[in-house]
Amino acid sequence: MNHQIGAREVRLISPEGHQIGIVPLKKALQMAEEAGLDLVEVGPNANPPVCKIMDWGKFRYEREKKAKLSRKKQKASELKELTMRPKIDEHDYQVKLRNALRFLQEGNRVKVTIRFRGREAAFQDRGRELLRRVIEDLKEVGKVEQDIKSEGSSLTVTLAPKK
């Protein structure tokens with residue numbers, strides 16, 4: 001901004017946003033000084049660089065305010081975990097499915113885990129079948145983010161909301 005601009009000529013934009021044209025840097029600085037404002041380089045990669053006459057403090061304040069507002073509106077999606085057993089009853093399955101559906105609709109990711117205990121570990125295929133059923137039942141609102149994988153004595157799949 002102002003005397004830190006290195007180019008000899010700049011494409012100048014007035015405080016109202018109208019393009020003045022290509023002018024020497026000294027004349028652009030003089031015009032900014034007469035207006036009681038700053039000369040700010042807004043397009044440094046252009047040839048010649050684009051500069052605008054504006055109030056730097058006000059511009060910086062509004063830019064920070066906008067960035068703060070956008071950070072405030074962002075919501076980090078959480079990872080919710082649902083745990084089931086391979087011999088889950090139909091009603092219990094429906095309850096878990098409803099919870100998963102709600103989590104996905106709220107914009108959260110869902111990790112569905114099938115835990116095997118004891119001899120159940122010999123029937124990994126039942127667990128995979130159950131996870132495929134969950135994926136199929138939730139395909140309207142969620143997509144598979146991480147496919148079925150085995151983690152010790154459990155199988156997991158991660159679903160993300162469809163946008």
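The values are calculated or read from the model by the stated rules, or taken from the named source; none is laboratory data. Only a predicted model underlies this, so the values are computations on that prediction, with no experimental measurement involved. In this analysis, Cβ positions are derived from the backbone assuming ideal geometry, glycine residues included, and neighbour counts consider all displayed protein chains.
So, of the residues in the stretch 101-133 that are touching a helix residue (DSSP H, G or I) at 6+ places or on another chain (Cβ under 7 Å) and under 25 Å from Lys163 (Cα atoms), which turns out to be surrounded by the most Cβ atoms within 10 Å (Cβ to Cβ)? Applying the filter and picking the extreme gives Val110.
Taking the stretch 44-83 as the range and being in contact with a Lys or Arg (Cβ under 6 Å, 6 or more places away or on another chain) and surrounded by 15 or more Cβ atoms within 10 Å (Cβ to Cβ) as the test, the residues that pass are Pro48, Val50, Leu82. Is it true that Lys80 is part of a strand (DSSP E or B) and within 24 Å of the chain's Cα centre (by Cα)? Judged against the criteria, Lys80 is a match.
Answer yes if at least one residue in the stretch 88-103 is in a loop (DSSP other than H, G, I, E, B) and modelled with pLDDT of 90 or more, and no otherwise.
The answer is yes; a qualifying residue exists.
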